[in-house]
């Protein structure tokens with residue numbers, strides 16, 4: 001990387017790091033792992049900077065998804081605990097929404113990374129199925145089936161199921 | 001977007017908002033890139049040497065203790081076929097250098113210890129929902145859950161993607177060591193849905209002293225499981241104990257998943273080692 005490329009890369013990282021860290025946080029569920037993930041994906045991006053500098057953001061995001069999907073297999077990424085019990089009573093909420101959100105958060109973090117990744121792409125990044133398929137390098141039909149499976153798994157992990165009519 | 005999708009989006013936004021700025025990200029990324037480039041070059045030149053070193057130092061236990069002696073060959077073959085139908089994809093250790101040993105950023109798929117045929121079934125546990133298996137080669141392992149039909153599963157869904165494997169250096173709890181044979185006991189755990197009922201449950205797999213013949217799992221002072229050791233390895237399945245869950249010996253679970261203690265015993269009943277695993 002020459003001086004100009006280094007400047008471009010640094011500018012890119014400075015401009016995108018907050019967004020990338022937010023995405024990594026949703027994918028990993030913790031700050032340290034999020035930083036590791038972004039750092040690793042940026043390292044891949046730096047190594048291929050000449051080829052990807054026209055669209056580095058797409059490359060680094062794709063690298064993050066792929067890396068996270070392989071990383072989840074590490075046991076330390078499967079240590080989250082799902083419990084039917086809340087650690088403390090939630091604030092009074094006559095709709096039960098707060099309880100549900102706590103449960104949803106735990107369930108999301110307990111999902112295998114591959115399942116979580118597809119949901120993050122669909123619901124956090126709000127990407128159409130075709131775009132998700134491109135990032136995950138799989139057919140659109142696979143995106144649909146993975147999304148359906150991830151949602152089913154999510155429902156199975158939530159102690160108070162989401163009412164059928166709300167889906 | 002329906003209510004469920006809105007809730008997912010809202011929850012993900014809440015998680016994202018917890019991110020904090022990271023210091024020196026550019027420099028850290030560049031350092032990692034430089035290190036990977038160096039390792040890539042070194043790996044090309046010395047893949048065989050590195051792998052040979054790993055084979056003799058990392059986990060020869062898998063082969064040295066001949067675990068196949070304790071597992072029925074036919075059953076072992078079935079488990080192997082199901083869990084490792086093709087060469088696995090190796091996950092690179094999150095730190096590419098552990099205890100002075102380096103690991104390639106892009107694992108060589110055809111190097112010794114990396115092919116499906118290099119793996120052996122080290123330990124299995126059968127339970128009502130299927131089988132929990134630990135497979136290992138000279139360089140890595142795979143933790144595999146099969147349903148009653150012998151199909152590998154993640155939670156309640158069939159596993160359809162490429163089989164994965166981890167380098168031994170990542171195994172067994174929080175200890176990142178290159179040579180797990182130096183640990184008296186180590187355990188990894190994972191949470192998953194019960195492949196049969198969809199209810200929560202805990203997997204565990206571990207390495208214990210070679211003279212151990214059984215491992216017990218205790219929660220809240222009660223023995224909740226006992227598992228056979230084969231060649232210094234065991235696997236286990238424990239139900240997720242939450243409020244209302246009936247406990248062995250009476251009573252019900254009171255709250256969140258308790259800490260599990262694994263104890264390894266030899267044939268004479270002597271306690272050889274124990275380890276706590278927090279949920």
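Values quoted throughout were computed directly from the atomic coordinates according to the rules given, and no laboratory measurement underlies them. Just so we're clear, the structure is a prediction, and the values are computed from it rather than from any experiment. Here the Cβ is made from the backbone with ideal geometry for all residues, glycine too, and neighbour counts use every protein chain on show.
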Alpha carbon centroid spacing (whole Å) that separates segment A:1-47 from segment A:117-155: 23 Å
Could I have the simple spin-label model distance between residue B:23 and residue B:115, label points 7 Å from Cα toward Cβ, reported in nm to one decimal? 4.9 nm
Can you give the convex hull volume per residue for the Cα atoms of segment A:1-79, as a whole number of Å³? 81 Å³
Which of B:80, B:207, B:114 has the fewest Cβ neighbours within 10 Å, and the rest in rising order: B:80, B:114, B:207
Compute the FRET efficiency between residue A:137 and residue B:268 as 1/(1 + (r/R0)^6), taking r as their Cβ-Cβ distance and R0 = 45 Å, and round to the nearest 0.05. 0.25
At what distance in nm do the modelled label points of residue A:1 and residue B:214 sit from each other, each positioned 7 Å from its Cα along Cα→Cβ? 5.8 nm
Put in order of increasing Cβ neighbours within 10 Å, starting from the fewest, A:104, A:64 give A:104, A:64
Using a Förster distance of 45 angstrom, determine the FRET efficiency expected from the C-beta separation of residue A:18 and residue B:86, and round it to 0.05. 0.65
Under the 7 Å Cα-to-Cβ spin-label approximation, residue B:6 and residue B:77 lie apart by a distance in nanometres of 5.8 nm
